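Shown next, in structure tokens, is the structure this report addresses.
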Amino acid sequence: MPLEYWVYPVLKVLNVHDGDTFHALLDLGFHRSVDADLRLAGINAPELTAKDPATRAAAQHSKAYLAQRLTAAKHVGVQTHSQGDFGRWLATV
């Protein structure tokens, strides 16, 4: 039997760290929730701490874009894959 993945509804976006990472409160069901750091699978956004001013500007733009998309959506669901670097969960949104 193939493994089926659960999609966790996002109750609230708590913080957008950068263009590929955010912190959210996820609904686990049965009146349980967890807050988690999530890194978008397949996305590698520019770093906010880059030395190059153009790269930092692109990083600010990607962060603002992600924040806008997450807050504008009526419903956001997250499918987690594995826990990676820095304790973040790799996720498909």
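The values are calculated or read from the model by the stated rules, or taken from the named source; none is laboratory data. For clarity, every value in this text was computed on a predicted model and none was experimentally measured. Note: ideal-geometry Cβ built from the backbone for every residue, glycine included; neighbour counts use all protein chains shown. Calculation scope for accessible area: heavy atoms of the full protein, side chains included, ligands and nucleic acids excluded. Shrake-Rupley method; radii C 1.70, N 1.55, O 1.52, S 1.80 Å.
Below is a table of values for the structure above.
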item	result
Residue-normalised accessible area of the chain, given per residue in Å² at a 1.4 Å probe	71
For Ala50, net neighbour charge (Lys/Arg +1, Asp/Glu -1) across residues whose Cβ lies under 15 Å away	-1
Within-15-Å neighbourhood charge of Asp37 [Cβ basis; K, R +1; D, E -1]	0
Computed E for Ala57/Leu14 - FRET, C-beta separation, R0 25 angstrom, nearest 0.05	0.50
At 1.567 mPa s and 4 °C, Stokes D of the chain from Kirkwood alpha-carbon radius, µm² per second	93
Relative contact order (%) - segment 54-93, alpha-carbon pairs under 8 angstrom, separation at least six	26
Whole-number percent relative contact order across the chain, with pairs defined as alpha carbons under 8 Å at least 6 apart	30
Per-residue SASA entry for Lys12, accessible area with 1.4 Å probe, Å² rounded to 10	120
